[in-house]
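The values are calculated or read from the model by the stated rules, or taken from the named source; none is laboratory data. All values reported here derive from a predicted model rather than from experimental measurement. Note: ideal-geometry Cβ built from the backbone for every residue, glycine included; neighbour counts use all protein chains shown. Ligands, DNA and RNA are stripped out before the accessible areas are found, and what is left, the full protein with its side chains, is counted by its heavy atoms. Shrake-Rupley method; radii C 1.70, N 1.55, O 1.52, S 1.80 Å.
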Amino acid sequence: RTASRKIEREGSVALYVQIAEKLAKDIAGGRYRPYQRVPSEQALMKQYNVSRVTVRQAIGLLKRQGLVGAKQGKGTFVSGPVVRHELADLRGFYDELVRSGNPPQTQLLKFEPAEADSHIEVLLQARRGETMFLKRLYRLEGHPFALARAWLPPMAKDISWSQAEKHPLYSILEDLLKQAVTHADLSILARAADAEEVSLLDLPAASPVLVLQRASYSPEGKGLEYSQFTIRPENYRFNFSVHGPLAVTRQIQEIAPPPTRPAARPKNKRTH
């Protein structure tokens, strides 16, 4: 065990890379479990006899690789399990988590009539304030992972809190409201977390988050729900396979000219 802690000071691999690789192996081998704190900067400095700058470079490399994340004032922690969301199949968010082997704990935060943006009310054929708004927090191994905000059509007002608490969104539609979902439009974007997301997902202010937006439809094309899933990005990967035939643009139409360099300033001549 002691030998494995050594780093090669005369080798071609930078010290911070060696430290990062050793920590990555410890994470992969289970020495540090998901959400567990890794050694502090001071401990790593002492363990490897390196500077604080070197340790911070190593931790920074692990962060870029998605293996660890920092919590302000608390230290650096191993990232949670990575969920790979397959986009080729029509499947609910909760169902995808279960399929990937990561069944979440859920907490229903809100289920009540609410106003919605006009495009959502048009989608759901609802008058002002008639949509049912659902807010749900997802946790993996007890740690906040994703926040769902969803708008359901007026018929969902007959659903009880207990039913909304126990049923995923698609189950509410299909099993409780007897509305078949046959297709959905999905979009994925990245943005800074808002204040509520920062608080509920335990993120540093203005952290980047992934947002999956979904509108689901009946066989007749009637809108059945509109939802937004805000996800901690270090935990999630979207996968999608595409098939040919390949469509290729054969020639680039416009090529930008090279940037012009400012003219060199003439050197001041000294006068004697």
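Which whole-number percent is the relative contact order of the chain (Cα, under 8 Å, 6+ apart)?
After rounding, I find 15 percent.
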Rounded to a whole number of µm²/s, how large is the Stokes-Einstein D of the chain at 10 °C and 1.306 mPa s, given Rh as the Kirkwood radius over C-alpha pairs?
70 µm²/s
State the antiparallel share, in %, of DSSP beta bridges confined to the chain, rounding to the nearest 5.
90 percent
Quick one: angle between helix 15-28 and the longest Cα principal axis of the chain, in degrees between 0 and 90, rounded to 10, please.
40 degrees
Within the set E254, E220, E115, GNM on the chain using Cα springs under 10 Å gives the largest fluctuation to E254
Carbon/sulfur fraction of accessible area - region 23-145, other protein chains in place, 1.4 Å, %
46 percent
Using a Gaussian network model on the chain with a 10 Å cutoff between Cα atoms, which of T260, T182, T249 fluctuates the most?
T260
Among 42-48, 10-16, what's the highest-first ranking by average C-beta atoms within 10 angstrom per residue?
42-48, 10-16
Hey, got the dipole for region 1-92? About the Cα centre, +1 on K and R Cβ, -1 on D and E Cβ, debye to the nearest 20?
360 debye
Give or take rounding to whole Å, what are the principal axis extents of the alpha carbon atoms in region 1-152, in descending order?
71, 31, 26
Which one of A88, Q163, N49 has its Cα pushed farthest toward the positive end of the charge dipole of the chain, where Lys and Arg give +1 and Asp and Glu give -1 at the Cβ?
N49
Can you tell me the convex hull volume per residue for region 115-260, based on C-alpha atoms, in Å³ to the nearest whole number?
217 Å³
Considering just Cα atoms, how many Å³ per residue does the convex hull of region 18-74 enclose?
81 Å³
Expressed as an acute angle from 0 to 90° and rounded to the nearest 10, what is the orientation of the C-alpha long axis of helix 52-64 relative to the principal long axis of the chain?
30 degrees
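Can you tell me the accessible area per residue over region 116-272, all protein chains present, probe 1.4 angstrom, in square angstrom? The partial results should precede the final answer.
Working: 9950 Å² over 157 residues.
Value for region 116-272: 63 Å² per residue.
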Using a Gaussian network model of the chain with C-alpha springs under 10 Å, which one of F93, F145, F238 is most mobile by mean-square fluctuation?
F238
Within region 35-156, how many lysine pairs that are 8 or more places apart, or on different chains, have C-alpha atoms less than 24 Å apart?
6
In Å, the C-alpha Rg and Dmax of region 95-171 are 13.6, 40
If each DSSP helix of 4+ residues adds -39,500 (n - 2.57) and the sum is divided by the residues in the chain, what number results at 222 nm, nearest 500 deg cm²/dmol?
-6000 deg cm²/dmol
